[in-house]
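The values are calculated or read from the model by the stated rules, or taken from the named source; none is laboratory data. A quick note: this is a predicted structure, and the numbers were derived from the prediction, not measured. Cβ placement follows ideal geometry from the backbone for every residue including glycine, while neighbour counts extend to all protein chains displayed.
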Amino acid sequence: MAKVVRKKAGPAKRKAPCAMERVKLARDAKRPHLRDFIANIFDDFEELHGDRLVNDDRGLVGGFATLDGTPVLVLGHNKGETVEENMAANFGMANPDGYRKAMRLAKLAERFGNPVVTFVDTPGAYPGREAEERGQAEAIAKSLEFFSTLKTPVIVVVTGEGGSGGALAIAVGDKVLMLENAVYSVISPEGCAGILWRDGSKAPEAAEALKITAPDLLKLGAIDEIVPEPPGGAQNDRAAACALVRAAIVKALAELAPIAADELVARRYARLRAMGNFY
């Protein structure tokens, strides 16, 4: 009688999280924040303050640093870890002053020929009365126009929540990278469920329908590359997550460096015009 040889079972393949699970991972307070990325990726970071019009918004931070000896401008939504830090940074929701500060600093980067690296992690732009009175919608619209014509390489990294216009204002770039468990959407799943079904409990269905995950957005052409995360998510190993993001940024910078500024702007414009065109 022939002997039956049974193959040993290999390690179980890790099941990919569903859309709502990725939303929860993206919002995890233990995920690396802007300060973690700055500390682990860049050297000699020097923060610059103020929009020269109203004040210095703490929800959006910017400054110059070096990456492997190359001067770069770093911009990003600033979330804190403690309640006090969250409140000081407005939970990463920028005011118009933050977007105007970002444009002021990006203009300096363009003048010096420095690439711009932006980190996106916000529920959205701050919707408060003062923000609206100071021109929140105008600041976001101006930022979209400004970054679309900026004559220096722009690399965008969506690290957590990419919420609506508050995210998009600093997400117009030549290369858009996205962490594996980040999300990027015009509206939150809860907000979408409330509008469509008047039932917040249907947020998981909304998350699936919105196509807000990195794999979905890569298929749609809205992003260029997915940056893998350590097993279980970036919150389980911040240093490893930052190292993976660093490698992706270095690669993107090397790809963009040989391209002339006018060509970068032309490609960026074509990229924006192509979004939403599925035919």
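A few comments on the model shown:
- Answer residue from the range 140-154, given it is buried (at least 24 other Cβ atoms within 10 Å of the Cβ) and either of a type in the set (A, V, I, L, M) or outside any helix (DSSP H, G or I) (or both) and is farthest from the chain's Cα centre (by Cα) among those: 153
- Here 234, 222, 241 are screened, and the one residue that is among the hydrophobic types (A, V, I, L, M, F, W, C) and at pLDDT 95 or above is 241.
- Residue identified as in contact with a Pro (Cβ under 7 Å, 6 or more places away or on another chain) and surrounded by 23 or more Cβ atoms within 10 Å (Cβ to Cβ) among 135, 163, 173: 163
- Residue 119 vs. criteria assigned to a strand (DSSP E or B), surrounded by fewer than 23 Cβ atoms within 10 Å (Cβ to Cβ) and at pLDDT 95 or above: no
- Scanning the range 195-214 for residues that are farther than 17 Å from residue 121 by Cβ and touching a Lys or Arg at 6+ places or on another chain (Cβ under 9 Å) yields 196, 207, 211.
- Residue in the range 193-206 that is touching a strand residue (DSSP E or B) at 6+ places or on another chain (Cβ under 7 Å) and either among the small types (Gly, Ala, Ser) or over 20 Å from residue 18 (Cα atoms) (or both) present: no
- Of all residues in the range 219-235, those satisfying the criterion of being in contact (Cβ under 8 Å) with a residue 40 or more places away in the chain and on the phi < 0 side of the Ramachandran plot are 222, 223, 224, 225, 226, 227, 228, 229, 231, 234, 235.
- For the range 23-72, filtering for residues that are of a type outside the set (D, E, K, R) and either in contact with a Ser or Thr (Cβ under 8 Å, 6 or more places away or on another chain) or closer than 20 Å to residue 162 by Cβ (or both) leaves 16.
- The condition (being touching a residue at least 60 places away in the same chain (Cβ under 8 Å), of a type outside the set (Ser, Thr, Tyr) and closer than 22 Å to residue 185 by Cβ) is satisfied by just one residue among 131, 102, 137, 89: 102.
- Selected residue (criterion: nearest to residue 158 (Cα to Cα)) from residues of the range 57-77 that are surrounded by fewer than 19 Cβ atoms within 10 Å (Cβ to Cβ) and of a type in the set (Val, Ile, Thr): 66
- Picking from residues in the range 38-56 that are of a type in the set (Val, Ile, Thr) and farther than 21 Å from residue 86 by Cβ, the one that is surrounded by the fewest Cβ atoms within 10 Å (Cβ to Cβ) is 54.
- Taking the range 160-279 and the helices (runs of 4 or more DSSP H) fully enclosed by it, the elements with 2 or more residues that are farther than 25 Å from residue 61 by Cα and of a type outside the set (D, E, K, R) are at 189-196, 203-210, 214-220, 261-274.
- Looking across the range 71-109, the residues that are modelled with pLDDT of 95 or more and of a type in the set (Val, Ile, Thr) come down to 72, 74.
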